[in-house]
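The values are calculated or read from the model by the stated rules, or taken from the named source; none is laboratory data. Since this is a predicted model, take the numbers as computed values, not measurements. Don't worry about glycine lacking a Cβ; one is built from the backbone with ideal geometry, like all the others, and counts go over all protein chains shown. Note: accessible area is taken over every heavy atom of the protein model, side chains too, but ligands, DNA and RNA are not part of it. Shrake-Rupley method; radii C 1.70, N 1.55, O 1.52, S 1.80 Å.
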There are 4 protein chains.
Amino acid sequence: MNFASDNAGPVHPRVMAALIEANEGHAPSYGADRWTAEATARIREVFEAPDAAVHLVATGTAANSLALATLAKPWDAIFCTAVAHAQEDETNAPELFTGGAKMIPIPAPEAKLTPEALRSAMASVGLGVHNPQRGPVTLTTVTERGTVYSLEEVRAVTAVAKEFGAPVHMDGARFANALVALDASPADMTWRAGVDAVSFGGTKNGLMGVEAVVLFNPARSWEFELRRKRAAQLFSKHRYLGAQMAAYLTDGLWLDMARAANGAMALLVEGLRALGGTPAWEPAANLVFLRLPRQVHQRLRATGATYYLFEGPLESGDPDEPLLCRLVCDWSTGPGAVDRFLAAAAGQPLPPSVPPC
Amino acid sequence: MNFASDNAGPVHPRVMAALIEANEGHAPSYGADRWTAEATARIREVFEAPDAAVHLVATGTAANSLALATLAKPWDAIFCTAVAHAQEDETNAPELFTGGAKMIPIPAPEAKLTPEALRSAMASVGLGVHNPQRGPVTLTTVTERGTVYSLEEVRAVTAVAKEFGAPVHMDGARFANALVALDASPADMTWRAGVDAVSFGGTKNGLMGVEAVVLFNPARSWEFELRRKRAAQLFSKHRYLGAQMAAYLTDGLWLDMARAANGAMALLVEGLRALGGTPAWEPAANLVFLRLPRQVHQRLRATGATYYLFEGPLESGDPDEPLLCRLVCDWSTGPGAVDRFLAAAAGQPLPPSVPPC
Amino acid sequence: MNFASDNAGPVHPRVMAALIEANEGHAPSYGADRWTAEATARIREVFEAPDAAVHLVATGTAANSLALATLAKPWDAIFCTAVAHAQEDETNAPELFTGGAKMIPIPAPEAKLTPEALRSAMASVGLGVHNPQRGPVTLTTVTERGTVYSLEEVRAVTAVAKEFGAPVHMDGARFANALVALDASPADMTWRAGVDAVSFGGTKNGLMGVEAVVLFNPARSWEFELRRKRAAQLFSKHRYLGAQMAAYLTDGLWLDMARAANGAMALLVEGLRALGGTPAWEPAANLVFLRLPRQVHQRLRATGATYYLFEGPLESGDPDEPLLCRLVCDWSTGPGAVDRFLAAAAGQPLPPSVPPC
Amino acid sequence: MNFASDNAGPVHPRVMAALIEANEGHAPSYGADRWTAEATARIREVFEAPDAAVHLVATGTAANSLALATLAKPWDAIFCTAVAHAQEDETNAPELFTGGAKMIPIPAPEAKLTPEALRSAMASVGLGVHNPQRGPVTLTTVTERGTVYSLEEVRAVTAVAKEFGAPVHMDGARFANALVALDASPADMTWRAGVDAVSFGGTKNGLMGVEAVVLFNPARSWEFELRRKRAAQLFSKHRYLGAQMAAYLTDGLWLDMARAANGAMALLVEGLRALGGTPAWEPAANLVFLRLPRQVHQRLRATGATYYLFEGPLESGDPDEPLLCRLVCDWSTGPGAVDRFLAAAAGQPLPPSVPPC
């Protein structure tokens, strides 16, 4: 019962099959292979962006940092929420890859940039040669708190950026989960809403380790390639990145996996509400922060359930005191694991374990 | 008939099997999984270095750049040959990850640092606050020209570095190929010969994309971890890196693959010498630069053989004029492909293609 | 009537005389001259820190950035107020010189770090390999809003830093003005209060362009020298930096100048209060933010008085509406200029201009 | 008798007078003052370049590094001689300010780039995404060995750069000395000869510490300003930089000083040849490397003469053995000091010391 992270889940069997299929004889290296070409074509198709520059990298930190480096100058400010992954969880990778741009963390109640707060932050820099200049805005959806920007909210953020002539990057580490939550098209969620570049995640949604950076304006595509190589993210055996991403986008696998993860989470939240659980932010996709009574945590931990618990102590105190935790479902979680988790939470006998997928 | 690069070869089936085996249910992310622990243990064992710090990354450029960044200060000079991969083929990644250290390219006749040239280069810097300071030495073996440092040669280089108190890094992108060429132990080729840090390559020798950085002095292990994360090389689904490397080191697979690659190259060189081929540098492992008569190249290209040709023009000129090319075998090349290549070179009918091992 | 900046003021005649005196014949370059030695000795004496490392640079941005670079790793967070000069007014110089450390701006009501806010910020980073690590704290006094930390307040900030094992830097661009405001000793205001490194400003207080970085623990003195040279701040004709700083510290000139500037400001504030002026933050030294009725600004501007006005419009609106401005006095301002400014503010005839001291 | 460096010489009295003149009352800070405007206008006039971007900085390392940073991308190679100041004497400042570009040191017999060696170096990079890309060429004149490029030689170098579409930077730390040696115009020596950016030195030729970066194409002027501020080279009391440079360019002072320095060196070389001195490279300006018999050095050192001696030992060995040294004259050296030096070298009684001009 691992609800710690969608990074803890396995790779989808169809992706593994694609890797094995690609593992036949020799193939051109460094991205000149046919799987990479196919992945690129499919991403352009999915985004309805036939001219977009598409580049694969292996980690979400690489995708974000290289996208931001391509959009920002070293003397720029980059605008993000105070809880942005790029701000809190990348150990200054954006500062490294941008050559020392400055991240401006903006308070964000639901982990979403609001137009007002963004405008105020952007207005306060770039006044002269002494100040950090106005650089890109980056927003994450699914956010780091499990919420999802509506299309209107995305557009409101990009509108502020455009007031200042600044480009917008979307950290889509959980892009598919946000997309199915909105029931929107990739184009609607991105370039039609004013987004210039996307980190299109795959790893958290059933791949082994591939993310695509999509630049809707391809003018800086070659610059991106140089940056990617220099960042040690140009893979020699690139076909294995291409094969994963191509399989991901075949027959809607990526959407099916996201729906499965979001669906499992919806069941889980419903069950935990019944047990006294209170979401800290409105659940929208496959990631949720919620408060559960201490005794519920005690029961869960006793069965070996894995997830992040932020408050404590676990062992002693009022059994009804709500303690904050984070739970994540991935494509492989399945209703069986949810049932077992809920049974454990309720102190009931556990139903038999069902193999994932 | 792809002799362009060992990066063009496939992943060994036992490595693919290990990936599938590791793809079971949930596992801790970011390197806390058991496969990574196993890979680490095996590397320490293979190197007879129970305390070594071992960290996996996904590309050779990452391994070299992060190792050098850990050994060098931003105001240091890093000493390498003029043809070092880190100097010529990493698009300034070492400069990025070291924060701007300076690479000092040293002329090297066989792509090997000589003690005299190294001493002269090291003596010319670090004289005062105005000069780049003396930083690490990096040597590559198998070298970029296909030669291999003897143990004596490694020791002679590290001895010069030690005269100046400088650490030594070994770029072992083809570590296994050098090792079996020398019939030495990993410890003899590295720390017993004065090497402080190794980029222990796997990708060119049958893995999908894993290299290990081995620091024999583990004092900077945590610093390395921070640098790795910041460099976007800490993988969330780390188990797939661990599983590859663990399989690589099981039952001598890594040595068997290197022997197969070197063996194929030995056959190839022997055959090409008979056809007028002249190695530009003494062949020692799985990579060779040699000159072949123009007509031999013409015949090879006519059959679709793939490899790097550095001189020309191919189409016209004296049919006997020798033109320089580079040929590489990998673990999967096999005697069949060599036979076909030699037949093509000789203008004979091609034997049937045999599926790679 | 220039109250825009203490950077707009002239160099003190005794400092000019020292420059002329130092301009005799040849002298060793790059800091090996006797004026630099004298400046160093005097700074150590003034700080009662005989072992401190003392290095001269030419700008405040250089002093801050190089001090922070010496205290922070590239993967660290640096804690400052949201209005810190290093955060807002140095165009990402700290990010450049630290190699990409992350500035964490902390809300600070009076431009002073509070122990609670600092503790909370420091507690939220450094939790693991994914997060920026805990690096130095930097505080400015005189603050960017004109307030001055009491000794207790400095000690309270450094105590929090010490809880986390972090070093503390003081941006003392207006060090002397803070010191005379507190009537404290340099040692009390710095190392005895837990400060590890100081940017000891001279330029704003009557020098042409010299600041000293004082590191109370000299262990990193050589590293600082390398960083300074690499940062293009090692002057060849260093004697002219040394001569300025030595003159500054002779016969208490630096304190006299600071007292003159603070004294002029005290008169100014008193006079402006009488005209309806309301300080936005408690005036303490030579820099003040205050609100003045629109009509007062109109009168001042009509006479050509120079200073920063942050609210508007100036030309139209309620004549009594208070509009925020910033005023700065320097060593040369003198009571005459204050009288003229106050007369202009009051709409009275201007007394004759007196040449600055 | 200080012949160690033109950095050891004093500031010209007319420059000191200009500083005192500029030290009157308040003036706008950060370059908005009238002295900076005047200096800019004069530089444009002197270079016959009315649109050039002109920016003052305080050190030669800053001028070179910021000029190169403006011309190079972080993934570029920068081509220079192996003895270039930017390569050997700036402790990796170019790597810092460019964000990690790679310096390619090219062997250069007389410290001058030859077209052939440059073409060969430029041809060997930029072949693909793996390689450092072709960035700017930088040449120094007066060179680091005391030679001066002829106009033909400058044009030959820039022609090669243009073949590859690369811009050219000139390190003119001793620009005036080269100019008077050639009897050329600034425009002829720079933009008319294909140079795109110049570090126009003043410090070594009688200023206190000012260099101008001149960009003949002003398109990146604002970028330069941001880089300069971020590099901590934007001076608050900028008038003192402007005043120095304006005085330097008034009534040909800069050329007179350079002629004086070159003239003193011509006398010195002539006298030393008579004493068995042999220049290692052809003397052309105010800097010379030559070999003098050991006994000559012994006599000179006995009188306290200061200069760099590169071979030894001084104390013992064949009295006639030639030992390499470097001698530099500056504007203030004067014939008297040359006579004294020659008398000391010859073992004759020293004429009385004459105060420098």
*How big, in percent, is the set of alpha carbon pairs in segment D:202-241 lying more than 15 Å apart?*
52
*Charge tally in the Cβ shell below 15 Å around A:VAL142, where Lys, Arg are +1 and Asp, Glu are -1, A:VAL142 excluded*: -4
*Nm distances between the label at C:SER120 and the same-position labels in the remaining copies, 7 Å along Cα→Cβ, shortest first?*
1.5, 6.4, 6.6
_Approximate shape of segment D:254-346 as ellipsoid semi-axes (Cα gyration tensor, √5λ), whole Å, largest first_ = 23, 13, 11
*Bridge type composition, segment C:12-248 - antiparallel percent by DSSP, nearest 5*: 40
*For D:THR250 and C:ALA274, what does the FRET efficiency come to when R0 = 56 Å and r is the distance between their Cβ atoms, rounded to the nearest 0.05?*
0.70
*For segment D:227-250, state which residues have at least 10 Å² less accessible area in the presence of all protein chains than in their chain by itself, taking the probe as 1.4 Å and leaving out ligands, DNA and RNA.*
D:ARG227, D:LYS229, D:ARG230, D:ALA231, D:ALA232, D:GLN233, D:LEU234, D:PHE235, D:SER236, D:LYS237, D:ARG239, D:TYR240
*asked:* Once neighbouring chains are kept in place and the probe is 1.4 Å, which whole percent of the accessible area of the protein assembly as shown is contributed by carbon and sulfur?
replied: 53
*Peptide A:28-40, shielding by other chains (average Cβ, 10 Å cutoff)*: 2
*Could you tell me the accessible area of C:THR141 in Å² (1.4 Å probe, neighbours in place), rounded to the nearest ten?*
0
_Per the axis that maps chain C onto chain B, nearest residue of C (Cβ criterion) and its distance in Å_ = C:GLY99, 2
*Violating pairs (Cα-Cα greater than 24 angstrom) within the set B:LYS102/D:LYS112; C:LYS102/D:LYS237; C:LYS237/D:LYS102*: C:LYS102/D:LYS237; C:LYS237/D:LYS102
*Which listed residue (B:THR303, B:TYR30, B:PRO115) has the Cα farthest towards the positive end of the charge dipole for chain B, taking +1 on Lys and Arg C-beta and -1 on Asp and Glu C-beta about the Cα centre?*
B:TYR30
*Interatomic Cα distance distribution for segment D:15-163, bins of 10 angstrom, percent*: 10, 31, 32, 18, 7, 1
*In what sequence, largest accessible area first, do B:HIS169, A:HIS12 appear using a 1.4 Å probe?*
A:HIS12, B:HIS169
_Angle check, please: helix C:239-248 long axis (alpha carbons) against the longest principal axis of chain C (alpha carbons), in degrees 0 to 90, nearest 10._
60
*For D:VAL137, C:VAL46, give the ranking by accessible area with the largest first, probe 1.4 Å.*
C:VAL46, D:VAL137
*Return one whole number: the accessible area per residue of segment D:255-357 in Å², for a 1.4 Å probe.*
44
*Given charges of +1 on the Cβ of Lys and Arg and -1 on the Cβ of Asp and Glu, with all other atoms neutral, how large is the dipole of segment D:12-248 about its Cα centre, in debye to the nearest 20?*
420
*asked:* For the protein assembly as shown, give me the percentage of DSSP beta bridges that are antiparallel, rounded to the nearest 5 percent.
replied: 55
*Considering only D:GLY25, D:GLY201, D:GLY277, give the residue with the highest GNM mean-square fluctuation for chain D, with springs between Cα atoms whenever their separation is below 10 Å.*
D:GLY25
*Which log10 I(q)/I(0) values, to two decimals, does segment B:65-134 give at q = 0.22, 0.27 Å⁻¹ under the Debye formula with one point per Cα?*
-0.96, -1.22
*Based on Cα positions only, what radius of gyration and what Dmax would you give for segment C:203-357, in angstroms?*
20.0, 59
*Size of the dipole of segment B:267-357 about the Cα centre, Lys and Arg at +1 and Asp and Glu at -1 on the beta carbon, nothing else charged, in debye to 20?*
160
*Report the Stokes-Einstein translational diffusion coefficient (µm² s⁻¹, integer) for segment D:183-269, Rh taken as the Kirkwood radius over Cα pairs, at 20 °C with viscosity 1.002 mPa s.*
144
_Show me you know the interface measure: the accessible area buried between D and B, both chains summed, probe 1.4 Å, in Å² to the nearest 100._
1600
*Distance between segment D:80-128 and segment B:64-122 - C-alpha centres, whole angstrom*: 15
*Rounded Å value of the spacing that divides the Cα centres of segment B:137-195 and segment B:282-357*: 30
*For B:PRO351, inter-copy label distances in nm, listed shortest first [label point 7 Å out on the Cα-Cβ vector]*: 6.0, 9.0, 10.8
*What FRET efficiency would be calculated for the residue pair B:GLU116, D:SER120, taking the C-beta separation as r and a Förster radius of 22 Å, to the nearest 0.05?*
0.40
*Which distances in nm, rounded to one decimal and ordered from shortest, link the label point of A:LEU309 to the equivalent label points in the other identical copies, with labels set 7 Å from Cα toward Cβ?*
6.2, 6.9, 7.7
*Charge sum, other residues only, whose C-beta stays under 12 Å from D:GLY194's C-beta, Lys/Arg counted +1 and Asp/Glu -1*: -2
*Looking at segment C:1-18, which residues lose a minimum of 40 Å² of accessible area between their chain alone and all protein chains in place, measuring with a 1.4 Å probe and not counting ligands or nucleic acids?*
C:ASN2, C:ASN7, C:ALA8, C:PRO10, C:MET16
_Quick check for you: with a 1.4 Å probe and neighbouring chains kept, what is the accessible area per residue of segment D:12-248, in Å²?_
28
_chain C: most fluctuating residue of C:ASP196, C:ASP89, C:ASP33 per GNM, C-alpha cutoff 10 Å_ = C:ASP89
_Need the per-residue list for segment B:201-226: every residue with at least 40 Å² less accessible surface in the complex of protein chains than in the chain by itself, probe 1.4 Å, sorted by number._
B:MET208, B:TRP222, B:LEU226
*Sequence ranges C:269-275, D:222-228, ranked by mean other-Cβ count within 10 angstrom, highest first*: D:222-228, C:269-275
*Equivalent-ellipsoid semi-axes of the protein assembly as shown, from the Cα gyration tensor, Å, largest first*: 54, 46, 27
*Please give the net charge around D:THR91, taking every other residue with its beta carbon less than 13 angstrom from that of D:THR91, where Lys and Arg add +1 and Asp and Glu add -1.*
0
*For peptide D:58-65, compute the average count of partner chain beta-carbon atoms within 10 Å of each residue's beta-carbon.*
5
*Taking Cα atoms, how many degrees apart are the long axis of helix B:34-46 and the longest axis of chain B, rounded to 10 and kept between 0 and 90?*
80
*asked:* Using a 1.4 angstrom probe on the protein heavy atoms only, could you order A:HIS26, A:HIS55 from most to least accessible area?
replied: A:HIS26, A:HIS55
*Which angle between 0 and 90 degrees, to the nearest 10, do you get for helix B:221-230 versus the longest principal axis of chain B when only C-alpha atoms count?*
60
_Rough spin-label spacing in nm, given labels placed 7 Å along Cα→Cβ, for D:ALA32 and D:GLU311_ = 5.9
*Check: the protein assembly as shown dipole with +1 on Lys, Arg Cβ and -1 on Asp, Glu Cβ, in debye*: 0
*Long-range tail of P(r) for chain B (Cα pairs > 27 Å, %)*: 48
